[in-house]
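These notes concern the structure reproduced below.
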Amino acid sequence: MLRSRDWLKPLFKNSGTINSLTAFSLRHGDPSLRAFRLGIEVSPWFKHSEYGQAGENKELRVLFFRIAALLKRPVLPLFVFDGPHTAKDRHPMEKELTNGMKELAEAFGIEHRTASGDAVVDLALLNAHGVIDGILTDDLEAFLYGAHTVIQNPSSTHRGASNDKGKQEQYLVHRLADLGYNRAGLVFISRLCTQTGAFDCNFMEIAIELTRLGFADSLLRAATTMTRTELEAFIPTWRAEIIQELAAPSDAFSPSLARFAQFARVSSFFPDVDILLGYANPTITISHDIQWSHREPSLPALASVCERYFEWGWKSEIVKRFRTIIWPSIVMRAMRRYAMAPEQPVFTLGGTFAGSQRVGVDNEWILKVTSSKEDPFFSEELLYYVEVDPRMLVYLAEAGVKGTRPPLPEWKAPKEPVNPLSPLKLWLPAVLVREARPDLVQAYEESLALKAKQPRKREDKDEDSVSKVRDED
């Protein structure tokens, strides 16, 4: 008899598609928020943090970089932590990492919750109820609790994943609608049919055929609509119908599979009612009230976190690193804000990115669109190369540094450091830029039109010169 998890994996062997998280989020996110509401199971991130390079608070540093990279995409994260009643093995540093992760979440302006048990159960229910658009987790069991979109953490081992380092945004996305099995079928095949000694059929194909004949749907429907007493009265009749089908297989079974079906054995305690009800009627333990647009990253708070926890946490090094790590995330989040409310500034006193730091008004910090291209890896998406003025971002980050950590004397500075106040160029989704700054897009398109006319004018001048020479001859 295969273990239950061994029966879940084959069902997803050929499912899922490799996606750009940016492109997928823009296509399937919440239009009113201009973003994809992404629930995240935190516990796998704790395991991934073990592989960080040596250094001060290396696990927390990995988590910091990972959050910053995620916010470069048009997503609104919700972190959900496992609770005290989880059945999972605990990470040896879970308490320390949980406290650190929550502090990072606060600085990044990310909503976070703690489940009573396994985080994936609450995330699946939030997905089923439409509170989040998808779940970032490696646990495909989320589908058994009602999830409809599961995104697995990036990995080079995913089917179809590329080893191209430039193609780092590879996420394997599974959607229940594309799987070929509904929730009832997944519960029936991967859990109920793997009870040792309860349903001894040895072949997953037999369980799949029983699902196609409607046995899974009728069982889950009974489990979700009946009382436990009614369900226990229903199951013997339902089980007898399965036994009859296996004894004299219908045409749904192939001849070869029908021969094996006759040797299947169904015990009197199949299915386990407790297991069935656990999947049929899970209980959500966290609030549905998620303030998606209430908060944004606080640049002073992020700089303060880096100063406290990381060996490179002095002012000049923080500003240098933020240029590539944090500024792209801030630009993406600000663009989303501008797209939602074009007339509303985002860098005001006590505003979304400034924390309590005083900033007068938004200046023209998003300068211009300089070029465009198709995404080299996901060609259906158009990108704009946008130039921004980072001076206000630098000012806000520096405001959060208290000067408690002096620079390391042996720290090697780059030979040619980039001026942190110099303009920065970023590739951003064209669809978002058009909404956020239509004036810049219009100016860019007008410049292209003007350039297109210039060669024609030169050709006209050349033709006039030739004609004039001919006339003189």
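The values are calculated or read from the model by the stated rules, or taken from the named source; none is laboratory data. Everything numeric in this text was worked out from a predicted model, so none of it was measured. Cβ placement follows ideal geometry from the backbone for every residue including glycine, while neighbour counts extend to all protein chains displayed.
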Condition set without any contact (Cβ under 8 Å) to a residue 40 or more places away in the chain and among the acidic types (Asp, Glu), scope region 209-256, selection nearest to VAL187 (Cα to Cα): answer is ASP217
Matching strands (runs of 3 or more DSSP E) fully within region 1-119 where at least 3 residues are under 20 Å from ASP289 (Cα atoms), over 14 Å from the mean Cα position of the chain (by Cα) and in the same structural domain as SER155 (by TED's automatic domain parsing): 111-114
Can you tell me which of THR211, THR224 is surrounded by fewer than 18 Cβ atoms within 10 Å (Cβ to Cβ) and either farther than 26 Å from ASP139 by Cβ or not assigned by TED's automatic domain parsing to the domain that holds VAL150 (or both)? THR224
Residues (at pLDDT below 90 and hydrophobic (A, V, I, L, M, F, W, C)) located in region 393-438: LEU408, TRP411, ALA413, VAL418
Scan PRO44, PRO74 and give me the residue that is surrounded by fewer than 22 Cβ atoms within 10 Å (Cβ to Cβ) and on the phi < 0 side of the Ramachandran plot. PRO44
Of all residues being in contact with a strand residue (DSSP E or B) (Cβ under 8 Å, 6 or more places away or on another chain) and outside any loop (DSSP other than H, G, I, E, B) in region 384-408, which is nearest to PHE353 (Cα to Cα)? Just the residue, please. VAL388
Only one of SER116, SER43, SER32 is closer than 30 Å to ALA430 by Cα and at pLDDT below 95; which? SER32
Kindly indicate the residue of region 352-377 that is assigned to a loop (DSSP other than H, G, I, E, B) and either modelled with pLDDT of 80 or more or touching an Asp or Glu at 6+ places or on another chain (Cβ under 8 Å) (or both) and also surrounded by the most Cβ atoms within 10 Å (Cβ to Cβ) among those meeting that condition. PHE353
